[in-house]
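A short worksheet on the structure shown next.
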Amino acid sequence: MKGFLITLEGIDGSGKTTQANLLYEYLRSKGHKASLYRDPGSTPLAEKIRELIMSFSLDPITELLLFETARSSLVWEKILPDLQKGNVVIVDRFIDSTVAYQGYGREINLGTVNVLNHIATRGRKPDLTFILHVPLEVALSRIGKDKTKFEDKDFLRKVRDAYFLIQSSEKERQIYLIDANREKEEVFKEIVKIVESRL
Ligand SMILES: Nc1ncnc2c1ncn2[C@@H]1O[C@H](COP(=O)(O)OP(=O)(O)O)[C@@H](O)[C@H]1O
Ligand SMILES: [Mg+2]
């Protein structure tokens, strides 16, 4: 398979965006062709959908379909072409977020979520996934006032547990659970070590 797809997962405040940026800069500095995207987002359509998701109170299925539409746009317009070019593609959130938030969190049938993930991604699974783990209190204090509709504590607990389940059940994938309740540099060192060993 061409290219290398790395996804960063975890609840808000776990440090995904911070680590994604560090990894992107690092890979570029080492001479790799790298891309950095966020899901939902990173195409004009997907960024609009992201705004819609955040600004409306939506029923679970409508929300799921919007996430998957945004993902489809990102996969088709950016991720697949970049992988075809041989790039290392880093995505800030991806399919596991939908399983955790919409599947376990909003209690949508997991089969439904998996089918839609498969359709939106054209079946392309991540080659490497990092789940950044921090205690809920740490995540919430890092986020401060910038809470979205997803940041209710009981909901986040379900999502956090879902990520553990994903990590322990998807044995055919490379999923690493990272203790992200450490200095940014410490967390990054561990991520880089794993990435280097896989590239
Ligand atoms: N390891 C860390 N220790 C302390 N603060 C951090 C750490 N990683 C990120 N942060 C801070 O926490 C906030 C959320 O980080 P961010 O990378 O945006 O997380 P996410 O993308 O998972 O929501 C930011 O203000 C960021 O600077
Ligand atoms: Mg982020």
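Observations on the structure shown:
- Hits in the stretch 26-39 - residues which are open to solvent by 10 Å² or more (accessible area, probe 1.4 Å), part of a loop (DSSP other than H, G, I, E, B) and under 19 Å from Glu77 (Cβ atoms): Lys33
- Condition check for Thr112: open to solvent by less than 70 Å² (accessible area, probe 1.4 Å) and either more than 15 Å from ligand 2 (Cβ to nearest atom) or closer than 15 Å to Thr7 by Cα (or both): yes
- Any hit, the stretch 124-131, residues being closer than 30 Å to Lys30 by Cα, acidic (Asp, Glu) and touching a residue at least 24 places away in the same chain (Cβ under 8 Å): yes
- Filter result (closer than 17 Å to Ile11 by Cβ and either modelled with pLDDT under 95 or open to solvent by less than 10 Å² (accessible area, probe 1.4 Å) (or both)) within the stretch 64-96: Val91, Phe94, Asp96
- For the stretch 115-130, the criterion of being away from ligand 2 (no atom under 16 Å from the Cβ), hydroxyl-bearing (Ser, Thr, Tyr) and open to solvent by less than 40 Å² (accessible area, probe 1.4 Å) is met by at least one residue.
- Glu63 vs. criteria within 17 Å of Glu151 (Cα to Cα), in contact with a helix residue (DSSP H, G or I) (Cβ under 9 Å, 6 or more places away or on another chain) and within 15 Å of ligand 2 (Cβ to nearest atom): no
- Scanning the stretch 1-25 for residues that are within 11 Å of ligand 2 (Cβ to nearest atom), open to solvent by 40 Å² or more (accessible area, probe 1.4 Å) and touching a residue at least 24 places away in the same chain (Cβ under 8 Å) yields Asp12, Thr17, Thr18.
- Lys158 vs. criteria more than 12 Å from ligand 1 (Cβ to nearest atom), assigned to a loop (DSSP other than H, G, I, E, B), open to solvent by 60 Å² or more (accessible area, probe 1.4 Å) and of a type outside the set (Phe, Trp, Tyr): no
- Scanning the stretch 26-46 for residues that are within 16 Å of ligand 1 (Cβ to nearest atom) and free of Cβ contacts under 8 Å to residues at least 60 places away in the same chain gives Leu36, Tyr37, Arg38, Asp39, Pro40, Gly41, Ser42.
The values are calculated or read from the model by the stated rules, or taken from the named source; none is laboratory data. Just so it is clear, the structure is predicted and the values come from calculations on it, not from any experiment. Neighbour counts run over all protein chains shown; Cβ positions are idealised from the backbone, glycine included. The accessibility values were calculated without ligands, DNA or RNA, using every heavy atom of the protein model including side chains. Shrake-Rupley method; radii C 1.70, N 1.55, O 1.52, S 1.80 Å.
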